[in-house]
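Taken together, the values in this text are just the output of simple stated rules run on the coordinates, not laboratory data. Remember, predicted model here, so these are calculated numbers, not experimental data. Here the Cβ positions follow ideal geometry from the backbone for every residue, glycine too, while neighbour counts run over all protein chains shown.
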Amino acid sequence: MKGLATPLLLLSLLLARAPTATAQADGGDLVATTAAGQVRGQRVGGVLVFKSVPYAAPPVGELHFAAPAPHQPWPGVRDATHSGPTAPFNRPPAAGIDNDAAFGTGWVKGDDYLTTNIWTPALTGPARPVLVFIHGGAFVIGTSDVPLYNGASFAQKGVVLVTLNYRLGIEGFLKINGVPSNLGIRDQLAALRWVQANIAHFGGDPANVTIFGESAGAMSVGILLASPAAKGLFQRSIMMSGSGQAVLTGEQADRVTRKFGKVLHLKNTRAAYARLTPEQLLAAQPKVTPRMVKLETAEAADPTGGLALFFPVIDGDIIPTLPLQSVLKGAGANYDLLLGYNTDEVNAFLVPTGLLKKIKLDFILNKAAQTVHPAPAALVAVYRQAYPKKTRGELFSAILTAYQFQLPSIRYADAHARLSGKTYMYEFAWPSSVAAGTYGAYHGLALPFVFNQRALETGPRGMLGPAGGPAELAEKMQDAWVEFAKTGSPGWPPYTTAERQTMLLNTTWQLQANPHAKELRAWDGVR
């Protein structure tokens, strides 16, 4: 379906130092000891916070375009009270919704950016469940240390919250000869190994780790759940608006690389790309657009939906095959899984571009639907019957939302539930009041509720809109995520392939059986 990835061999040497954690007060600061050295955090509102703690060495010099390596030990106590550098990324242009809380000031320059941020109730005491968050951003933008991903309220509820940076774009995902595949995913694996080795020193339980992510972060979770390289690194997983099909084949990835080589006049070698500075690499990325590369092949559809180029690639190693196929064959059966989608995901892309209003004729609607379905008129008829009050643009948004997010989520849930019985599904339906309510429950809107950061996202251009969002919904959603991390259940019945139990999350919650069944049947056989 066309829908909107190296073990650290020296880690054992570092761990032989047998580090221990301390709860040493120093002017209100607290010091913890990791495998590479001590770090000093601070107490903020009753929660201990450690910023920019390295999980791997800076990916520069000999490590540029190389697999992540252990960080060199540092002398003394490293300051972990301030935000550090981020992976290089081009901040997206301003659109209809303010994205400051999600992207901060954009790329913060510096070499030492393969880092984690940790919020914990305490360094000592009973071992606490750990939640590790992987940020989204189409594998080309984003960072873990922004106001939206503040983990303080998670820590206040008794869990340790970890966020992480990973390499993006060309440096993280372009298929280059002589470069290990899927460097961005290998970074995530290195961070999870770091968590296993060190999180006990921050009050966390390495035997109870839940990974979760949204958008590209959820796609990463889907990959990790199915990857043999991630075995033993976590026990539970949460996919928010993700997919188990968001990977390129080797041929598709080669097409992207060939186009970059042609446009940039570069040979497909590590040496050629390593000569470019991060600034030059970022300047190069937008010179090749999705419209310039045909990704659909005879064997595989375009998993990006024509919207992206930098996706993880099937490599026979980190990603043996399509993650969905791996799960169908039994991978991931031992992990608990919570996953879901938003009701109006694609409005995030159609509203700011004006496309939602431009589809005014049946001919245009059918032509647009033809890009995702072999029988567009029949598909449109099904959706018109299901949603008689929607405009043509809104019908197209519902079709694309099903294609990009609902179907991939349901197919992944079906595959996991057949083997596991530990699968849970949700649909987030609360509509934002931003732009007079035209966005609805759009892509990314669940994040300020899960992180309980509603205060950041109000105002005329805030994610939640001028009316704000209900506090009870934020508390209840975050409680469900915490409960899942603690017990493996978010508090509602598990998903089965027969009933497809899905909790509808809004101002009131409702457990639904087989939601959108008629519309979903119209997609049978469509990849």
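So what's the net charge close to ARG461: Lys and Arg +1, Asp and Glu -1, counting the other residues with Cβ under 12 Å from its Cβ? Intermediate results must be reported in sequence, preceding the final value.
On the way: positive: none; negative: ASP98, ASP100, GLU457.
Overall, the nearby charge balance is -3.
A cut-off of 5 Å between modelled amide H atoms, ignoring neighbours fewer than 5 places along the same chain, links VAL44 with VAL49. With contacts taken as Cα pairs under 8 Å and at least 6 residues apart, region 345-521 reaches a relative contact order of 21 percent. Between LEU520, GLN385, GLY462, the Cα set farthest toward the positive side of the dipole of region 345-521 (charges on each charged residue's Cβ, about the Cα centre) is that of GLN385.
Residues in region 386-418, backbone N under 18 Å from the label point at LYS357 (7 Å along the Cα-to-beta-carbon vector): list them, ranges by number please. Residues 390-397 fall inside that zone.
Please give me, ordered by residue number, the trypsin sites (Lys or Arg not before Pro) of region 374-436 that lie in loop per DSSP and have at most 10 other Cβ atoms within 10 Å. Walk me through the numbers before you get to the answer.
Details: sites: ARG384, LYS389, LYS390, ARG392, ARG411, ARG418, LYS422; in loops: LYS389, LYS390, LYS422.
Sites meeting the loop and neighbour criteria: LYS389.
Along region 168-180 the Karplus relation, 6.51 cos²θ - 1.76 cosθ + 1.60 evaluated at θ = phi - 60°, assigns HN-Hα couplings of 10, x, 4, 5, x, 9, 6, 7, 10, 4, x, 10, x Hz to successive residues, with x for each Gly and Pro.
Compare the peptides 501-512, 484-495, 312-323, 235-246 by average per-residue count of other Cβ atoms within 10 angstrom and give them in order, highest first. Show your work: numbers first, answer last.
Working: 501-512: 16.3, 484-495: 18.7, 312-323: 20.6, 235-246: 27.1.
Listed from highest to lowest mean packing, they are 235-246, 312-323, 484-495, 501-512.
Dividing the summed -39500 (n - 2.57) terms of all DSSP H runs of n ≥ 4 by the residue count of the chain sets its mean residue ellipticity at 222 nm at -8000 deg cm²/dmol.
Would you work out the Kirkwood radius for region 345-521? I mean one over the mean of 1/r across all pairs of different Cα atoms, in Å. Mind showing how you got there, number by number?
Details: mean 1/r = 0.0573 Å⁻¹.
After inverting the pairwise mean of 1/r, the radius is 17.5 Å.
Applying 0.36 nm per residue to the separation of GLN370 and ASN334 and subtracting their alpha-carbon distance, the gain on full extension is 9.1 nm.
Amide H contacts of VAL108: THR86, each under 5 Å away and 5 or more positions distant or on a separate chain (H built 1.01 Å from N in the peptide plane; Pro and chain starts excluded). Considering only alpha-carbon pairs that sit under 8 angstrom and 6 or more positions apart, the relative contact order computed for region 112-204 is 39 percent. Neighbours of VAL132 by Cβ distance under 12 Å: Lys/Arg scored +1, Asp/Glu scored -1, total +2.
Here the simple spin-label model places points 7 Å from the Cα toward Cβ, and for SER489 and ASN514 these points are separated by 2.5 nm. A cut-off of 5 Å between modelled amide H atoms, ignoring neighbours fewer than 5 places along the same chain, links THR115 with TYR55, ASN165.
So what's the net charge close to LYS358: Lys and Arg +1, Asp and Glu -1, counting the other residues with Cβ under 13 Å from its Cβ?
On the way: positive: LYS357, LYS360, LYS367, ARG392; negative: GLU394.
Here the charged neighbours net out to +3.
Take the Cβ-Cβ distance between HIS82 and LEU307 as r, set R0 to 35 Å, and report the resulting FRET efficiency rounded to the nearest 0.05.
Numbers: r = 35 Å, r/R0 = 1.00.
The pair HIS82/LEU307 has a calculated efficiency of 0.50.
Could you order the peptides 121-134, 514-527 from most to least packed, using the average number of other C-beta atoms within 10 Å per residue?
Numbers: 121-134: 20.4, 514-527: 13.7.
Packing proxy ranking, top to bottom: 121-134, 514-527.
Sequentially through region 94-101, phi angles give Karplus couplings (6.51, -1.76, 1.60; θ = phi - 60°) of 4, 10, x, 10, 5, 10, 4, 5 Hz, Gly and Pro residues having no value and appearing as x. Residue by residue, region 234-245 carries 3J(HN,Hα) couplings of 7, 10, 9, 8, 10, 10, 9, 6, x, 6, x, 10 Hz when phi is fed to the Karplus relation 6.51 cos²θ - 1.76 cosθ + 1.60 (θ = phi - 60°); x denotes Gly or Pro. Label zone (GLU475, point 7 Å along Cα-to-C-beta; backbone nitrogen cut-off 17 Å) within region 142-169: 153-158.
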